[in-house]
Amino acid sequence: MTKVKEVETTSNVVPKEMKVAYLEDKCKVNVHTERVPSVSGKDTLIKVMAVGICGSDVHYYAHGHIGKRQVNYPHVQGHEFSGVVVAVGEEVTKFKVGDRVTAEPGVSCLTCEFCKRGDYNLCPDMKFLSTPPYKGAFTQYVTHREDFVFPIPDTLSFENATLSEPLSVGIHAVKRGKLEPGMNVFISGMGPVGLLTVLAAKAFGAKEIVVSDMVPLRLETAKKIGATKIINFTEDNTAEEVAKATVGMGPDIIIETSGNVNALKSAVGLVKRGGSIVTVGFPPEDVELDVTSLMQKEADLITLYRYRNTFPLAINLLETYEKNLAGFITGTYPIDRIQDAMEQARTDRDGSLKIVVYPN
């Protein structure tokens, strides 16, 4: 594993040019130089200190699309980032130069029906960093509207601050599942989102947190973060182990983060009567579910899309549980080696959890 050393800002002086990593074709990233953007209005200019590589980044990198969303090359990826404010527009009131921050990558319109009722993650005009056609944060400087920028404490490393975004998915999942203290939870898939969902479930007071995966490193990390029982589904009978952990009743909430079709199908048989199944991972194909069994259990099937109003809590939890995250980041690269970073994230399934790129 790579030992993470907290990156430091040495200067807030803004240069005229910056490095930007462009995805130019499938599995091909090159670094170019272009002008640093200017800011006005409510925009902040952030010197990007760390960017986490997300599963969606890997998917766009390797396949050129996710579902119907197609990459138009060249494209800039990256949306899990943290950094330092180095300039602000004339209407910015919440931040000043030198503030350490992270940012929610999706900027909604704030005026449509969904935004007005608080469901801004469903905004049809959402501009989400790194989701085509919008450029992302694999760059040395990025502009972002102050409404979606959040301060981070000095005690939280830039690397761990990038986890605010995937942790937000986990927080939204436990909220959607209406997790209450004392409930039993089963989380399938221990990628970064699944692991951070464990942290969210722990913070929300879950009694038993049962998890499954096939990668020993991920299962060991889940236990460090707060899982009460780990299941390697290649060695153990998942249904039997989940039943044992929940005294034969089944989990109150199942959170499926992998997108695995079989995992989603099996959740119907595992969930407690009156319980909930929350789908986080996108399945690669249409899924046929046993709706009759779902109805006879009066179990809820709940979907979610990204998150809303989660970043302040995510930052607080990361600061509180930062010690639990030791070893979570397993690779760090400068932006000039971003091709290597993306290849490690794409191919090293057994030895990687979260890969971080340092633009500056």
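Brief remarks on what is shown
- In sequence order, the range 26-33 has phi-based couplings of 4, 6, 9, 10, 10, 9, 10, 10 Hz under the Karplus curve 6.51 cos²θ - 1.76 cosθ + 1.60, θ = phi - 60°, and Gly or Pro positions carry x.
- When each of the peptides 82-92, 145-155 is scored by the mean number of other C-beta atoms lying within 10 Å of its residues, the order from highest to lowest reads 82-92, 145-155.
- You can think of it this way: the chain between C109 and K178 has 22.1 nm of extra reach, that is 0.36 nm per residue less the Cα-Cα gap.
- Its relative contact order, with pairs defined as Cα atoms under 8 Å and 6+ residues apart, puts the range 282-360 at 25 percent.
- Electrostatic dipole magnitude of the chain [Cβ: Lys, Arg +1; Asp, Glu -1; Cα centre; debye, to 20]: 360 debye
- When each of K116/K178; K19/K323; K47/K354; K116/K354 is checked by Cα-Cα distance, pairs over 26 Å: K19/K323; K116/K354
- Distances between placed amide hydrogens fall under 5 Å for V278 paired with I254, I255, E256, I302, all partners being 5 or more residues away or on another chain.
- E285/N316 FRET efficiency (R0 30 Å; Cβ-Cβ; nearest 0.05): 0.20
- Relative contact order for the chain: 19 percent, from Cα pairs under 8 Å spaced at least 6 residues apart, divided by residue count.
- Acute angle (nearest 10 degrees) that the helix 261-270 long axis makes with the longest principal axis of the chain, alpha-carbon atoms: 40 degrees
- Once the chain from Q339 to A326 is taken as fully extended at 0.36 nm per residue, the excess over their C-alpha distance is 2.2 nm.
- For the range 320-330, the Karplus equation 6.51 cos²θ - 1.76 cosθ + 1.60, evaluated at θ = phi - 60°, returns couplings of 5, 10, 4, 5, 5, 8, 4, x, 5, 8, 10 Hz by residue, with Gly and Pro reported as x.
- The residues of the chain expose, per residue, 45 Å² of accessible area to a 1.4 Å probe.
- Seen from all directions on average, the range 204-348 presents a Cα convex hull projection of 10.8 nm².
- Ignoring aspartates and glutamates fewer than eight residues from K127 along the same chain, the ones with Cα atoms less than 19 angstrom from its Cα are D43, D57, E80, E104, E113, D119, E146, D147, E165.
- Nitroxide proxy distance, nm - points 7 Å out along Cα→Cβ at M295 and H59: 3.1 nm
- Summarised as an ellipsoid, the range 32-113 has semi-axes of 27, 17, 13 Å, derived from the eigenvalues of the Cα gyration tensor scaled by 5 and square-rooted, with the largest first.
- Distance in nm between pseudo-label sites at D25 and T347 (7 Å out along the Cβ direction from Cα): 1.8 nm
- Normalised per residue, the volume of the convex hull around the Cα set of the range 139-289 (Å³): 149 Å³
- Inter-label distance for E17 and E240, nm, one decimal - labels placed 7 Å from Cα along Cα-to-Cβ: 6.4 nm
- The chain - percent of accessible surface contributed by carbon and sulfur, probe 1.4 Å: 49 percent
- In this entry, the chain is assigned a mean projected area of 17.4 nm², taken as a quarter of its C-alpha convex hull surface.
- In order along the range 193-199, phi translates into HN-Hα couplings of 5, x, 4, 6, 5, 4, 4 Hz, rounded to whole numbers, per the Karplus curve 6.51 cos²θ - 1.76 cosθ + 1.60 with θ = phi - 60° and x for Gly and Pro.
- You can think of it this way: the chain between S38 and T303 has 91.5 nm of extra reach, that is 0.36 nm per residue less the Cα-Cα gap.
- Candidate lysines - alpha carbon under 16 Å from K229, same-chain residues fewer than 8 apart omitted: K202, K207, K244
- Normalised contact order of the range 40-164, rounded percent, pairs of Cα under 8 Å and 6 or more residues apart: 36 percent
The values are calculated or read from the model by the stated rules, or taken from the named source; none is laboratory data. Keep in mind it's a predicted model, so treat the numbers as computed, not measured. Here the Cβ is made from the backbone with ideal geometry for all residues, glycine too, and neighbour counts use every protein chain on show. Just the protein is used for accessible areas: all its heavy atoms, side chains included, with ligands, DNA and RNA removed. Shrake-Rupley method; radii C 1.70, N 1.55, O 1.52, S 1.80 Å.
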